[in-house]
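One structure below.
The values are calculated or read from the model by the stated rules, or taken from the named source; none is laboratory data. Only a predicted model underlies this, so the values are computations on that prediction, with no experimental measurement involved. Neighbour counts are summed over all protein chains in view; Cβ atoms, including those assigned to glycine, are modelled from backbone coordinates with ideal geometry.
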Ligand SMILES: NC(=O)c1ccc[n+]([C@@H]2O[C@H](COP(=O)([O-])OP(=O)(O)OC[C@H]3O[C@@H](n4cnc5c(N)ncnc54)[C@H](OP(=O)(O)O)[C@@H]3O)[C@@H](O)[C@H]2O)c1
């Protein structure tokens, strides 16, 4: 069994902990938090050993009646690999601790790419990270774009990608984020950071991205144009994407008109936390004009990187090849069950 520690038990960390626990070849050593709160309580309720991330705050856990298993350093030492899901920037600060204990670690998309040895997306560059000590699982948006680029690149070749990312203002719990009544070009200048981030996975890809922020919390929406090197029909592209894992091509008859309906679908399907691990592409939006492909896809920011973290664990440790890992991850999480079916 691969022993996995989770440092940072928030939006991403708690989902990764559940996904790791579901794997047949992995166990969760424990999770680290800085303070007792409802997430600390639920970690304990779920039977995860809880470790203190900040020494000075340890007494707060005792006062709240929450038992600690130890300090984060002990968690790191006892783990074969750590998934760091701390807020942006803290993962980079933690890198020294992972080096000190000779424990490989995965950082998340909020960290700068130059902090790590490699960036990762399971569909695109699984084999590139074996043996790399510090790896970054790219952000939710970059994951969504990379998953789409991979099959198009292989099947048709890509001249250029242009994508406009309409981004949720914050996650549902982030009441301090916004805008609450505005539409913000973010950034105003070209490119948004997403294009260069995709280039950490596809260094030679010609890609321009623009970003906006809107008053929404449910999902991101991408308006994508890919100039291909050949001219397949829209039907052929649709069939290709329908055959991809971690991609849900929404049929017209479902009547799913936006991210609200996708979230409802995930709730009806009894997905944990109503998570949508797949890219959701509107089938009828897949269009070809000459060699230009157009489509809309929705990305669930809180969960699409979760299966990617699980695969990155095996990829870094050299425990399985790409096909084997993705299959195992998807079956264990229930990602192989289509969004239209109950789990
Ligand atoms: N949410 C998204 O949409 C999303 C999507 C893809 C990637 N990411 C990336 O994933 C990373 C984590 O994001 P998130 O959304 O999960 O953040 P989050 O919800 O704020 O969770 C991070 C957790 O880390 C804990 N923490 C803070 N300082 C810590 C420390 N020094 N040691 C250990 N734990 C600490 C915090 O909990 P306590 O202080 O209560 O312990 C917090 O709950 C970021 O790099 C982010 O960019 C986020």
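Name the one entry in 46, 14, 33 that is within 13 Å of the ligand (Cβ to nearest atom) and under 17 Å from residue 69 (Cα atoms). Break it down stepwise before answering.
Values: 46 fails: within 13 Å of the ligand (Cβ to nearest atom); 14 fails: under 17 Å from residue 69 (Cα atoms).
Checking each option against the conditions leaves just 33.
If a residue must be within 15 Å of residue 20 (Cα to Cα) and either assigned to a helix (DSSP H, G or I) or more than 11 Å from the chain's Cα centre (by Cα) (or both), how many such residues does the stretch 285-315 contain?
Residues of the stretch 285-315 that are within 15 Å of residue 20 (Cα to Cα), as a first pass: 303-315.
From what's left, either assigned to a helix (DSSP H, G or I) or more than 11 Å from the chain's Cα centre (by Cα) (or both): 306-315.
The total comes to 10.
Applying the selection to the stretch 316-336, what residues are in contact with a helix residue (DSSP H, G or I) (Cβ under 9 Å, 6 or more places away or on another chain) and outside any helix (DSSP H, G or I)?
Once the filter is applied, which keeps residues that are in contact with a helix residue (DSSP H, G or I) (Cβ under 9 Å, 6 or more places away or on another chain) and outside any helix (DSSP H, G or I), the stretch 316-336 yields 319, 320, 321, 334, 335, 336.
Do we have any residue at all in the stretch 279-302 that's within 16 Å of the ligand (Cβ to nearest atom) and at positive phi? Give the derivation first.
Of all residues in the stretch 279-302, those within 16 Å of the ligand (Cβ to nearest atom) come to 279-280, 297-302.
With at positive phi added as a condition, the list becomes none.
No, the conditions are met nowhere in the stretch 279-302.
Please specify each residue of the stretch 216-262 satisfying the condition of being out of contact with any strand residue (DSSP E or B) (no Cβ under 9 Å at 6 or more places or on another chain) and under 22 Å from residue 180 (Cβ atoms).
260
Could you list, in sequence order, the residues of the stretch 45-56 that are under 24 Å from the mean Cα position of the chain (by Cα) and either part of a helix (DSSP H, G or I) or at pLDDT below 95 (or both)?
Selection gives nothing.
Does the stretch 113-127 hold any residues that are farther than 13 Å from residue 316 by Cβ and either within 10 Å of the ligand (Cβ to nearest atom) or loosely packed, with under 14 Cβ neighbours inside 10 Å (or both), and which are they?
We begin by selecting, within the stretch 113-127, every residue farther than 13 Å from residue 316 by Cβ; these are 113-115, 121, 123-124.
Scanning the stretch 113-127 gives a single hit, 114.
Name every residue in the stretch 222-257 that is surrounded by 15 or more Cβ atoms within 10 Å (Cβ to Cβ), outside any strand (DSSP E or B) and out of contact with any helix residue (DSSP H, G or I) (no Cβ under 9 Å at 6 or more places or on another chain), in order of residue number.
234
Say we look at the stretch 155-205 and pick out the residues that are within 15 Å of the ligand (Cβ to nearest atom) and part of a strand (DSSP E or B); which of these is farthest from residue 223 (Cα to Cα)?
Per the criteria, the residue is 168.
Keeping to the stretch 210-221, report how many residues are under 17 Å from residue 299 (Cβ atoms) and either touching a residue at least 60 places away in the same chain (Cβ under 8 Å) or part of a loop (DSSP other than H, G, I, E, B) (or both). Write out each step before concluding.
Applying the first criterion (under 17 Å from residue 299 (Cβ atoms)) to the stretch 210-221 yields 210-214, 216-221.
Subset that is either touching a residue at least 60 places away in the same chain (Cβ under 8 Å) or part of a loop (DSSP other than H, G, I, E, B) (or both): 216-221.
Residues flagged as under 17 Å from residue 299 (Cβ atoms) and either touching a residue at least 60 places away in the same chain (Cβ under 8 Å) or part of a loop (DSSP other than H, G, I, E, B) (or both) within the stretch 210-221 amount to 6.
Evaluate the following for residue 152: is it over 15 Å from the mean Cα position of the chain (by Cα) and either surrounded by fewer than 17 Cβ atoms within 10 Å (Cβ to Cβ) or farther than 24 Å from residue 12 by Cα (or both)? If you could, list the steps in order and put the result at the bottom.
Working: over 15 Å from the mean Cα position of the chain (by Cα): yes; either surrounded by fewer than 17 Cβ atoms within 10 Å (Cβ to Cβ) or farther than 24 Å from residue 12 by Cα (or both): yes.
Spelling it out, residue 152 is indeed over 15 Å from the mean Cα position of the chain (by Cα) and either surrounded by fewer than 17 Cβ atoms within 10 Å (Cβ to Cβ) or farther than 24 Å from residue 12 by Cα (or both).
Please enumerate the residues belonging to the stretch 62-105 that are touching a residue at least 24 places away in the same chain (Cβ under 8 Å), out of contact with any helix residue (DSSP H, G or I) (no Cβ under 9 Å at 6 or more places or on another chain), within 11 Å of the ligand (Cβ to nearest atom) and more than 13 Å from residue 51 (Cβ to Cβ).
87, 90
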